[in-house]
Amino acid sequence: MDQERRQGEGAAAAPGEGAAPAMRTTKNQVAIEIIDLNKWFGSFHVLRDVNFKVMRGERIVISGPSGSGKSTLLRCINRIEDWQQGRVIVDGVELTQDLKAIDEVRREVGMVFQQFNLFPHLTVLENCTLAPVHVRRLPRREAERLARLYLERVHIPEQADKYPAQLSGGQQQRVAIARALCMEPKIMLFDEPTSSLDPEMVKEVLDTMVELAMDGMTMLVVSHEMGFARQVANRMVLMDAGQIVEIAEPKAFFENPQHERTRLFLSQILH
Amino acid sequence: MSAHAYLRRDMIGPMPPPLAATGFVGWVRRQLFGSVLNSVLTLASFLLLIALAVPTIRFLVIDAVWEGASRADCLEETLGRPVGACWPFIAAKFKQFMYGFYPENELWRVNLTYALGVILLAPLLVPRLPYKTVNAILFFGVFPVVAFFLLVGGVFGLTHVETRVWGGMLVTLVISFTGIIGSLPFGILLALGRRSDLPIVRMLCIIFIEFWRGVPLITVLFFATYMLPLFLPGNWRIDPLLRVLIGVVLFAGAYMAEVVRGGLQAIPRGQYEGATALGFGYWRMTGLVILPQALKYVIPGIVNSFIALFKDTTLVLIVAIFDLLGQLRAAFADPNWSTPVTLFTGFAFAGIIYFVISFAMSRYALYTERRLDTGAAR
């Protein structure tokens, strides 16, 4: 029950020595607020009374067994997934049936998928400029400048004119990150960004994400990369059976997990 | 000896493949005479090819009559040798085959339309050339309107030419062009509608598609020509050719819709999610992300429909519109040219024309497919 109350209490206290990089959290600036969220797929109750609050600049890593609803929760935040009960407020805008609000939120929230979801018929550069030009209405020249800037940041500026299929998995995922950044989002969602990568390519993607974290981006990451979590997360979230089981700072989460389910989960992934 | 069981010291660089496997001789050996059965099949195919090609070439070229003024020049009795194709027959009727009975001194209008079409279409087909958007608007938007006024007339001092006297290649091209240009966008809209989340839209599209796919084109043409006027109020008269055009577009659109739907279904859900997450609304997502990929997947199917449509235009003969094949059949009745080979010559001529155009479409589509291949499908 202790965990129940801790849920959604906001940002963690200042990180200990040598832990996560300096946090630029502003205590009273809420980036995402999820209130009593319930969702069913048919008769299957995927999300159960989820309450959660993310502060600006916070970096959250969500873990949990497969089917625990972590991806679904993430996808509710930019409303790729609909829900039946509860409220989701992103950057002060409540997501309702109002299409304008949804568009507004989607413009501020970038997302990176497990399967990259790059547009295969467009070059890397076109992938990065498509949304800025057609959604943000940036002039093409400006969008291209921005795209090259972010491709530089994910360390693949030389691939700009290639097609996604010509790149390795790790490169594709970095393009996907750059594509999301080109919309200059305030919040980035990562849905198992390294799960479909060859082991040799995981690091290059995680490094890119660490750099992004250093720059103060608000990040929600669904991942089982515990090394990454230790390095950048402000808070860890464990989900099971559609509910949040435990929220804790990484140090406490890994060294002194409180919930039985967390201990079991950690023992299974940290062999 | 160290504890290592094995340690490679030099990496092996790439080497050329063995000679027997490459080159023309290698290919012939492997592909044509790889086994006994393979060799037998190769020889049999070769003989069959000769058996077909030799008489064809004899008929079309070697035994053919190239000059003459009447049937007498194409008769075995007068020439004293076996007679192949009677090309003077085609030459004499050529104008009819191309224009039908379009008035002699207005033919420049048809030719001008053809010329405009070619001038606008040719650069559109070459990807390297610039101004594609302007070019496309001119060809798909402006050209049909200009062509309409040029061919029909009645404005700008052009005499009115009734569609009744149009015929031959002109009619074939007008119907095919309209059918092709009209059915693709119409089919795309129907396909999108059929996959829509809006139940009424979806239902209407399904009913429409299934209805038009369920009836034969001949029925559609009959209905458009003979039944529709009965339902329309007294003095409401639609041009017979226009009625057929509308029927063809609706018919071809329903088929096109199913082809396009096949392509839409091949798009993974991640593409929709990726586009949605970037903030694209339905129409932009469809136009910029989904359709370009979906249409690329179904180029073979689309071109298949185009070719089928092009050849189906011959059915308009049933409703007394004389396309190329119709004019041909009419010309067969001319006693001046009635010889044993007239029929074969005429059909050979039509066959060659249809084949050249269909084959060109097919090859161009293949070229487009290769050009658009970004290595996505594996």
Give me A:C182, A:C76 sorted ascending by neighbouring Cβ count inside 10 Å, so fewest comes first. A:C76, A:C182
Using only the Cα atoms of chain A, what semi-axes does the equivalent ellipsoid have when each is the square root of 5 times a gyration tensor eigenvalue? Give whole Å, largest first. 30, 22, 18
5 Å binning of all Cα-Cα separations within the range B:103-160, expressed as whole percents from 0 upward: 4, 19, 25, 19, 14, 10, 6, 3, 0
Pull out the extension gain between B:L124 and B:A266, defined as 0.36 nm times the separation in residues minus the alpha carbon to alpha carbon distance; nm, one decimal. 48.3 nm
Could you work out, for chain B, what percent of all Cα-Cα pairs fall into each 10 Å distance bin, beginning at 0 Å and stopping at the bin that holds the largest distance? 4, 16, 22, 22, 18, 10, 4, 2, 1, 1, 0
Contour excess over end-to-end distance, with Cα ends at B:M15 and B:V155 and 0.36 nm allotted per residue: 43.1 nm
Tell me the label-point distance for the pair B:Y226, B:Y364, using the 7 Å Cα-to-Cβ offset, in nm and rounded to one decimal. 3.6 nm
Report the paramagnetic label zone for A:E200: residues of the range A:225-243 whose backbone N is under 19 Å from a point 7 Å from Cα along the Cα-to-Cβ axis. none
When chain B is treated as a GNM, springs tying every alpha-carbon pair under 10 Å, which of B:P185, B:P16, B:P123 comes out with the largest mean-square fluctuation? B:P16
To the nearest 20 debye, chain A has a Cα-centred charge dipole, built from +1 on Lys and Arg Cβ and -1 on Asp and Glu Cβ, of 460 debye
Quick one: A:S267, A:S43, B:S338, fewest Cβ neighbours within 10 Å first, how do they rank? A:S43, A:S267, B:S338
Applied in sequence order to the range B:166-178, the curve 6.51 cos²θ - 1.76 cosθ + 1.60 (Karplus, θ = phi - 60°) yields integer Hz couplings, x standing for Gly and Pro, of 5, x, x, 4, 3, 5, 4, 5, 4, 5, 5, 4, 4
Estimated distance in nm for a label pair at B:T78 and B:W108, the labels positioned 7 Å out from Cα along Cα-to-Cβ: 3.6 nm
Label point distance in nm, B:I50-B:V165, each placed 7 Å from Cα along Cα→Cβ: 5.5 nm
Base-10 log of normalised Debye intensity for the range B:29-185 (one unit scatterer per alpha-carbon) at q = 0.09, 0.15, 0.16, 0.21 Å⁻¹: -0.59, -0.92, -0.95, -1.23
Treating only the Cα positions of the protein assembly as shown as identical point scatterers, give the base-10 log of I(q)/I(0) from the Debye formula at each q in 0.11 Å⁻¹. -1.13
Dipole magnitude of the protein assembly as shown about its Cα centre (Cβ charges: Lys, Arg +1; Asp, Glu -1), debye to nearest 20: 540 debye
Which of B:Y255, B:Y131, B:Y354 moves most in a GNM of chain B, Cα contacts under 10 Å? B:Y131
Grab the other residues whose beta carbon is less than 15 angstrom from that of B:L79, score K and R as +1, D and E as -1, and report the net. -2
Provide the FRET efficiency to the nearest 0.05 for the A:E152-A:K186 pair, computing r from the beta carbons and using R0 = 22 Å. 0.55
Ranked from fewest to most other Cβ atoms within 10 Å of their own Cβ, B:F46, B:F33 fall in the order B:F46, B:F33
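Taken together, the values in this text are just the output of simple stated rules run on the coordinates, not laboratory data. Remember, it's a predicted structure, so these values are computed and weren't measured experimentally. Reconstructed Cβ throughout: ideal geometry from the backbone, glycine too, with neighbour counts over all protein chains shown.
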